[in-house]
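Read the structure below first, then the notes.
The values are calculated or read from the model by the stated rules, or taken from the named source; none is laboratory data. If you're wondering where the values come from, they're calculated on a predicted model, not measured in any experiment. As a convention, Cβ positions derive from the backbone with ideal geometry for all residues, glycine included, and neighbour counts pool all protein chains shown. Heads up: the accessible areas ignore ligands, DNA and RNA and are worked out on the full protein's heavy atoms, side chains in. Shrake-Rupley method; radii C 1.70, N 1.55, O 1.52, S 1.80 Å.
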Amino acid sequence: MRRVSDVGEFGLIDRIARLAGRGDGREVPVGIGDDAAVLRLRRGEEVVVTTDAFVEGVHFRFDHETPATAGRRAGVGCLSDLAAMGSRPLGLLLALAVPPRLPLAVALGFVRGLLREARRAGIPLVGGNVTRAREVSASLTALGASARGRALRRDAGRAGDRLFVTGVLGRAGLERARGRVRHVGTARIDAGRALARLRSVGACIDVSDGLVADLGHLCRASGLAARLDVERLPRPRGFEAACRREGLGAERLLLAGGEDYELLFSVRPRGPGARELTRRLGLPVREIGALQAGPPRVWGVPAGAPGWRHF
């Protein structure tokens, strides 16, 4: 069994570069292989930048998921931030740290999973770094572009806005509670870009830490309260029955499960409803509550659903 130390730093970089490919030379004049990448903006655009870290033992465990699944989760977690800003993906950077004795197949499996989600989002891997560490970690930086002044934001909500969410909630939390992760959410890049074109859209955030936690972030940024209708939260078919079999609280997973990576956003009172938004975004959209005047907090939910916290 070959290990990372058998091929060395530059051997690992060469293999990652071959997996990533060269990409589109028009959008990325200079990619992997130089001191830095060069990305090309279009007229009237501004850059959107996000970064994320994915650490073995904190965010994933190889005894709970395959290397490819861990890599996919890392990719979606970072790229979902671009979706929440309504951005066009430009390029992705990967700083990968691995133990020297890590099997090479594990390291490359992780990268393959990451690249699978990058290609789905239409974003090329344009550079990065590799180094040694005691455990596997991936630091990702994603760059996107938005029309000047049109990036979606958390602080653009207004009292009276209706709240909507894409897709379904709770599936990722259910899998993690079972102790075996197979399902990976989707970075809603196309839906975010469609929302950015709608003048009636207010605030937007992706559901990464859990619905209540992320709605709380949106409320604090907008200086508003929110009221949720828990009964209207979209969930996978058979979700309640699966939770009962596992002895899990379905409502808690819906509200605080995390890693759904759906888009949570507000729309002005005279803006489109769920049916029209579903048509425009190309995926199911559900109305789940409203923003209202008042100190930032979420009404209509039970206590004890804070969502993911590192500390």
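Size of the dipole of the chain about the Cα centre, Lys and Arg at +1 and Asp and Glu at -1 on the beta carbon, nothing else charged, in debye to 20? Walk me through the numbers before you get to the answer.
Values: 51 positive and 33 negative charges, 162 e Å.
The dipole magnitude comes to about 780 debye.
Quick check on the chain: helices-only [θ] at 222 nm, where DSSP H runs of length 4 and up contribute -39,500 (n - 2.57) each and the sum goes over total residues. Nearest 500, please.
Details: 9 runs with 104 residues, N = 311.
Value at 222 nm, helices only, nearest 500: -10500 deg cm²/dmol.
Measure off, as a whole percent, the carbon and sulfur share of the 1.4 Å-probe accessible area of the chain, all protein chains present.
On the way: 7240 of 15070 Å².
Its accessible area is 48 percent carbon and sulfur atoms.
From the backbone phi of the stretch 183-190, what are the Karplus-calculated ³J(HN,Hα) couplings (6.51 cos²θ - 1.76 cosθ + 1.60, θ = phi - 60°) in whole Hz, Gly and Pro given as x?
6, 10, x, 10, 6, 7, 4, 5
Could you tell me what percent of the DSSP beta bridges with both partners in the chain are antiparallel, to the nearest 5?
Working: 39 of 51 bridges.
The answer is about 75 percent antiparallel.
What list of whole percents do you get for P(r) of the stretch 109-231, with Cα-Cα distances grouped in 10 Å bins up to the one holding the largest distance?
9, 32, 35, 20, 4, 0
So what's the stretch 156-301 giving for Cα Rg divided by 2.2 N^0.38 Å, two decimals? All intermediate terms of the calculation are to be shown ahead of the outcome.
Details: Rg = 14.8 Å, N = 146, 2.2 N^0.38 = 14.6 Å.
For the stretch 156-301, the normalised Cα radius of gyration is 1.01.
Rounded to the nearest 10 Å², what accessible area does THR131 show when all protein chains are kept and the probe is 1.4 Å?
That residue has around 80 Å² of solvent-accessible surface.
Out of all DSSP beta bridges with both ends in the stretch 58-215, state the antiparallel percent to the nearest 5.
Looking only at bridges with both residues in the stretch 58-215, the antiparallel portion is about 55 percent.
Can you pull the one-decimal nm distance between simple spin-label points at ARG158 and ARG244, each 7 Å off the Cα toward Cβ?
Calculated label separation equals 4.5 nm.
Starting from the Cα coordinates of the stretch 27-126, work out the convex hull volume and express it per residue in Å³. Please list the in-between numbers first.
Numbers: hull volume 11.1 nm³, N = 100.
Dividing the Cα hull volume of the stretch 27-126 by its residue count gives 111 Å³.
Could you compute the FRET efficiency for ASN129 and LEU41, with r as their C-beta to C-beta distance and R0 at 25 Å, rounded to 0.05? Provide the component values of the computation, followed by the final result.
Values: r = 24 Å, r/R0 = 0.96.
According to the calculation, E is roughly 0.55.
Taking the Cα centre of the stretch 183-311 as origin, work out the dipole magnitude from +1 charges on Lys and Arg Cβ and -1 charges on Asp and Glu Cβ, in debye rounded to 20. Before the final figure, lay out each step's value.
On the way: 20 positive and 14 negative charges, 99 e Å.
Rounded to the nearest 20 debye, it is 480 debye.
Given a 1.4 Å probe and the protein chains all in place, what does the accessible area of GLU240 round to, in Å² to the nearest 10?
For GLU240, solvent-accessible area is about 70 Å².
For the stretch 69-130, what is the charge dipole size about the Cα centre, in debye to the nearest 20, if Lys and Arg each add +1 at the Cβ and Asp and Glu each add -1 at the Cβ? Display every interim value, and only then the final one.
Numbers: 8 positive and 2 negative charges, 41 e Å.
With only Lys, Arg, Asp and Glu charged at Cβ, the dipole is about 200 debye.
Averaging sequence separations of C-alpha pairs under 8 Å and six or more residues apart, then dividing by the length of the chain, give the relative contact order as a whole percent. Write out the running numbers ahead of the final one.
On the way: 711 pairs, mean separation 68.7, N = 311.
This gives 22 percent for the chain.
So for the chain, taking the charge dipole from beta-carbon charges (+1 Lys/Arg, -1 Asp/Glu), which of THR186, GLY257, LEU163 sits furthest toward the positive end?
Of the options given, the answer is LEU163.
Please compute the modelled spin-label separation between ARG220 and ARG112, points set 7 Å along Cα→Cβ, answer in nm with one decimal.
4.1 nm
Report, please, the projected area of the stretch 82-138 averaged over directions, based on the convex hull of its C-alpha atoms, in nm². Kindly include the intermediate steps, with their values, before the conclusion.
Working: hull surface 17.0 nm².
One quarter of the hull surface, i.e. the mean projection, equals 4.2 nm².
Does anyone have the angle between helix 104-121 and the longest principal axis of the chain? Alpha-carbon axes, 0 to 90°, nearest 10?
Value to nearest ten degrees: 40.
Using θ = phi - 60° and the Karplus curve 6.51 cos²θ - 1.76 cosθ + 1.60, what whole-Hz ³J(HN,Hα) does each residue of the stretch 84-91 get, with Gly and Pro shown as x?
The phi angles translate into 5, 9, x, 9, 7, x, 10, x Hz.
Expressed as a whole number of Å, what is the distance separating the alpha-carbon centroids of the stretch 88-157 and the stretch 40-66?
The stretch 40-66 and the stretch 88-157 have Cα centres separated by 4 Å.
Whole Å is fine, so just give me how far the alpha carbon centre of the stretch 201-251 lies from that of the stretch 173-187.
16 Å
Would you rank ILE288, ILE32 by solvent-accessible area, highest first, keeping every protein chain in place and using a 1.4 Å probe?
On the way: ILE288 0, ILE32 65 Å².
From most exposed to least exposed: ILE32, ILE288.
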